[in-house]
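Since the structure comes first, as structure tokens, the remarks are kept for the end.
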Amino acid sequence: LLGQEPAVAQAGGPAQAEDSAQAEADAPVSAHPHLELADLTARWSAQAAPTVAGLDLDLAPGDRVALTGPSGAGKSTVLAVLARHLDPSGGDYTLDGVDVLDLPLAVTRGTVAFQDDSPHVFSSTLRENLRTARPTATDAELEAVLADAGLGDFLDSLPDRLDTMLGAGHRTVSGGEQARIGLARTLLSERPVVLLDEP
């Protein structure tokens with residue numbers, strides 16, 4: 001899921017995010033959440049050297065931040081922590097001032113939309129590819145989000161529009177179309193925090 005870095009922890013201890021036994025199922029999160037990393041350390045397995053160490057990041061509502069650096073610098077790892085695919089091994093990650101380790105996974109994951117650098121296109125209709133983000137979305141909402149993602153002309157070119165079958169054995173999509181379908185899903189999710197890996 002996360003660029004070049006392993007999505008599964010190696011033997012020797014879990015690195016993936018886990019629900020806390022103390023997590024409150026109805027923990028509130030604001031519509032415009034404030035995320036903060038303080039002295040963050042993150043690693044993909046217990047034996048591995050930290051991929052990220054000593055990182056401070058303050059993401060106030062409305063902020064737009066780009067993480068830059070060479071391959072292997074830990075950009076995807078930071079996004080994995082923010083999306084709660086990976087828990088910090090040191091330091092703090094708070095959401096509206098609450099330690100995310102004290103929140104159910106579903107709370108953070110329902111707040112943060114994460115698009116990796118190669119979004120999957122399912123072997124299904126364009127409509128169902130988008131509705132994985134919000135099953136109740138109407139066709140008008142799907143068409144609007146496709147336009148917002150720069151796929152208005154793509155939609156117009158499809159023989160069956162939203163009913164066009166995509167993926168293996170059907171209409172193929174280019175790398176750019178694949179990325180924009182992923183972006184449309186991300187927008188459709190209406191989550192207040194959006195993370196884009198290799199945008």
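A few points about this structure:
- Computed from Cα atoms, the angle from the helix 175-188 axis to the main principal axis of the chain rounds to 70 degrees.
- The helix-only estimate of mean residue ellipticity at 222 nm for the chain, built from DSSP H runs of length n ≥ 4 each weighted as -39500 (n - 2.57), is -6500 deg cm²/dmol after division by the residue total.
- Close amide H pairs (under 5 Å, H built 1.01 Å from N) link residue 113 with 193, 194, 195, residues at least 5 positions away or on another chain.
- Whole-percent P(r), segment 104-199, all Cα pairs, 10 Å bins from 0: 16, 52, 26, 5, 0.
- Rounded FRET efficiency, nearest 0.05, which uses the C-beta distance separating residue 53 from residue 148 and R0 of 45 Å: 0.75
- Residues with amide H under 5 Å from that of residue 125, placed H, sequence gap 5 or more: 166
- Angle in degrees between helix 139-148 and the longest Cα principal axis of the chain, rounded to the nearest 10: 70
- With both residues required to sit in the chain, DSSP beta bridges show an antiparallel share near 75%.
- Taking all protein chains as shown and a probe of 1.4 angstrom, residue 43 keeps an accessible surface of around 70 Å².
- Surface share of carbon and sulfur [accessible, 1.4 angstrom probe, percent] for the chain: 50
The values are calculated or read from the model by the stated rules, or taken from the named source; none is laboratory data. All values derive from a computational prediction rather than experimental measurement. Cβ sites come from the backbone with ideal geometry, for glycine too, and all protein chains shown count toward neighbours. Accessible surface is based on the protein model in full, side chains and every heavy atom, while ligands, DNA and RNA are left aside. Shrake-Rupley method; radii C 1.70, N 1.55, O 1.52, S 1.80 Å.
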